[in-house]
Structures are given as C-alpha cells and as structure tokens.
Amino acid sequence: MLYYENEIFFKIVLASMLTFLLSEFMAIYPIISKNFERYEKNVLKHIVPVWEITGTFIVFFVVELELIYSSLVPISSYLLIPLVGIFVAFLILRNAWIIYAEFLWKDGKSINKRNLYRFYSIATFIMVAVFLIAVSALIYGKGINLDSSNLSGSYINFVPLFSTFYFYLFFAGTLILMYGFSMVFYRTSEKRYMPLLFNIAGIIISAYGLYGLTFNDKLLSIDYLLIPVIIGIIIPVLYIFDKTTYLASYKPFFFVLMIIGIFFLEYPVNYIAAGAFPVKIFESPAPMLGFNIILSIAGGIGVTLLMIAYSFVYNNGSLKIKDVN
C-alpha cells in the first residue's frame with residue numbers, strides 16, 4: 001500500500017515537471033519564428049517567471065526518485081550517465097541565457113536580446129530531446145547492458161534505438177504535437193483550426209512510434225492512452241470557438257489538463273527495458289516510503305497552494321477565470 005501511494009505521487013511529480021518543461025519547450029516555436037516581436041510579450045510573460053519553477057520541479061523529481069526507488073538511482077546513473085551529463089549541462093546553459101536576456105542586458109543596445117532567447121531555445125530543445133531519448137531507450141530495451149553485480153560495467157548501446165524508425169516517428173510526432181499545443185498556449189495561430197490539425201497528426205504519428213517502441217502490453221495501455229488523446233483533442237477544439245479561445249490558452253487550466261494527460265500516459269508503465277524489469281523491485285525500504293508519504297502530503301498541499309497563487313498572479317490579482325492574454 002505504501003508503495004502504491006508513493007508511486008502515484010511520484011508520477012504526479014513527473015507529470016508536473018514535464019508539463020512545466022514542455023510549456024517552455026513550446027516557446028521555442030514563436031521565438032525562432034520571424035514574427036517573434038509580435039508574440040514576444042505573451043511568450044515572455046510565461047517563461048520569465050516559470051523557468052525557475054521548472055528547475056525546482058526537476059530537483060523535486062530527482063529527490064522523489066531517490067526516496068521511492070533508491071536502488072534504481074545508481075543503476076540509472078550508470079546506464080544514462082552520458083544523457084544525464086548533457087541534460088545538466090544544457091540546464092545550466094538554459095538558465096544562464098535567460099538570465100542574461102532578462103536581467104543583465106535588459107537595456108543594452110549592443111546585445112541582440114532575441115539571439116539570447118534563441119540560445120535559450122536551443123538549450124531547452126536539447127534538454128527535451130535528451131529526455132525523450134532516455135525514455136525511448138528505457139522502454140525499448142534493446143541495447144541495455146545491465147550488470148547488477150558490476151554497475152560500473154553497465155551501459156546503454158544507443159545504436160539499436162537510433163536504428164529503428166519507430167524512434168524517429170515518436171520524436172517527430174512529439175515535435176508536431178508540441179507545435180499544435182504551442183499555437184494554442186501562446187496564441188500564435190490566427191487560423192484557429194490549425195492547432196487541431198497539428199495535434200491530430202502529432203498524436204497519430206507519436207502514438208504509432210511509441211507503440212512500435214514498446215511492443216509490450218506491460219508498457220502501454222490503450223485504455224489509459226485514450227485520456228491524453230482526448231485532452232490533446234479537447235484543447236485545440238476549445239481554441240477554435242470565440243467563447244472558449246481564452247479558456248484553451250488559459251495557463252492554469254492548460255497546466256491542469258496537461259498534468260492529467262501526462263499522468264495517465266505514465267500510469268500503466270510499471271516496467272522498464274521492454275518489460276524485463278518491474279519497477280517495483282527497485283523500491284526503497286518501508287521506512288523511507290513511510291517518511292515519503294508525509295513529505296508527499298506536505299508537498300502536495302504546498303504545490304496546490306502555489307498553483308492557486310500562480311493563478312492569482314496570472315489573473316492580475318483575481319481567481320476568476322478570464323481572458324488576460
């Protein structure tokens with residue numbers, strides 16, 4: 001029972017972290033577009049206050065991983081050390097570039113602020129790409145060389161993953177899906193039906209790629225997959241109609257739906273390496289799990305209050321849902 005409750009909270013934390021990270025990732029599209037100046041205010045209104053929250057959730061995720069799956073941490077460290085190193089390096093660069101852009105040279109004439117945001121976008125893109133590669137490698141299974149008696153000799157051979165077309169379908173489908181969401185989240189599409197078309201295409205392509213990577217009912221459940229698919233359709237549909245356009249791009253509402261969608265995408269996944277290892281075998285001792293329940297309750301209350309505070313600030317001092325873009 002302790003493990004089940006901790007597992008649920010862990011997946012909620014992971015879903016929250018990914019939601020915040022992907023909200024920044026979606027900013028890449030308007031930043032690199034030729035019309036960035038047109039969308040700059042709306043984009044910066046979100047990413048400038050949120051980038052530090054994303055970093056906090058990344059740390060929160062790592063702490064939860066250590067508390068719930070203590071024996072999995074050293075294993076994943078050896079298996080994914082190249083990707084972890086790249087992720088951390090570009091996390092630092094991402095933080096640096098956005099600080100430079102917003103605080104150090106805010107009024108500078110000799111520095112092109114847009115170029116700094118482009119560097120930030122590149123770093124964020126690489127972070128998400130590395131995360132997708134890590135997830136794909138773990139669920140695909142081929143190329144994983146795990147020696148529990150000699151962890152230093154464990155590694156992942158990424159050649160099998162990079163040799164399968166399903167990985168590129170999953171990666172490309174995710175990029176297309178994020179582009180559709182980006183048009184809604186940052187209101188960059190005047191043709192309101194376009195996000196729906198991109199979302200449908202992204203869902204079909206990424207789902208087909210993911211199915212090819214998993215090829216195992218231990219890692220993929222069609223029943224649970226329907227929930228993120230429905231959410232992926234509902235958001236751009238709301239964007240089409242005048243009376244609900246603001247709701248579709250309303251950040252607190254968008255975050256809640258995305259967290260729910262990602263959570264149900266993760267929920268059935270309780271195995272890694274193509275189903276070879278049930279995640280439960282890596283669980284921490286009962287005292288650690290019991291202590292984490294207390295932290296989970298306190299953390300859950302804290303996160304809920306912070307999300308309410310975010311909604312309050314986002315609405316310029318009101319909790320009423322309204323168009324503030």
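The values are calculated or read from the model by the stated rules, or taken from the named source; none is laboratory data. Keep in mind that what you see is a predicted model, and the values were worked out from it rather than measured. Heads up, the Cβs are rebuilt from the backbone with ideal geometry, glycines too, and the neighbour counts pull from every protein chain shown. Quick note on the areas: whole protein, heavy atoms, side chains included, nothing else; ligands and nucleic acids left out. Shrake-Rupley method; radii C 1.70, N 1.55, O 1.52, S 1.80 Å.
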**Q.** Mean accessible surface per residue for the chain, computed with a 1.4 Å probe while every protein chain stays in place, in Å²
**A.** 48
Q | Longest to shortest principal axis, alpha-carbon extents of the chain, angstrom | A | 57, 45, 44
Q: May I ask for the net charge around LEU289, where only other residues with Cβ less than 9 Å from the Cβ of LEU289 are counted and Lys, Arg are +1 while Asp, Glu are -1?
A: -2
(Q) Let's see if you can work this out: charge +1 on each Lys and Arg Cβ, -1 on each Asp and Glu Cβ, no other charges. What is the dipole magnitude of region 113-210 about its Cα centre, in debye to the nearest 20? (A) 520
Q.
Is there a quick way to get the dipole size of the chain? I mean about its Cα centre, with the Cβ of Lys and Arg at +1 and of Asp and Glu at -1; what is the value in debye to the nearest 20?
A. 1160
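Give the dimensionless ratio obtained when the Cα radius of gyration of region 1-110 is divided by 2.2 N^0.38 Å.
That ratio works out to 1.32.
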Q | Between 0 and 90°, nearest 10: helix 113-140 axis offset from the chain longest Cα axis | A | 30
Q: Quick one: how many lysine pairs does region 1-316 have with C-alpha atoms less than 14 Å apart and a gap of 8 or more or different chains? Give me the count, please.
A: 4
Q | With Cα atoms, 0 to 90° folded angle of helix 165-185 axis to the chain main axis | A | 30
(Q) Can you find, among PRO285, THR19, TYR179, the residue sitting farthest towards the positive end of the charge dipole of region 1-316, where Lys and Arg contribute +1 and Asp and Glu -1 at Cβ? (A) TYR179
(Q) Please give the Cα centre distance for region 170-210 versus region 232-291, rounded to the nearest Å. (A) 17
Q: Grab the beta carbon distance between GLU37 and TYR208, set R0 = 41 Å, and tell me the FRET efficiency rounded to 0.05.
A: 0.65
Q) Full extension from ALA172 to PHE103: what is 0.36 nm times the residue separation minus their Cα-Cα distance, to one decimal in nm? A) 21.4 nm
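Ignoring ligands, DNA and RNA, please state the percent of accessible area on the chain from carbon and sulfur, probe 1.4 Å.
Within the chain, the accessible surface is 71 percent carbon and sulfur.
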Q) Using Cα pairs under 8 angstrom and six or more residues apart, how large is the relative contact order of region 1-316, in percent? A) 23
Q. For ILE234 and ASP147, what does the FRET efficiency come to when R0 = 35 Å and r is the distance between their Cβ atoms, rounded to the nearest 0.05?
A. 0.15
Q. Where does helix 251-266 land angle-wise versus the long Cα axis of the chain, in degrees 0 to 90, nearest 10?
A. 20
(Q) Just to verify a number: FRET efficiency for SER77 and LYS45, C-beta to C-beta distance, R0 = 35 Å, to 0.05? (A) 0.40
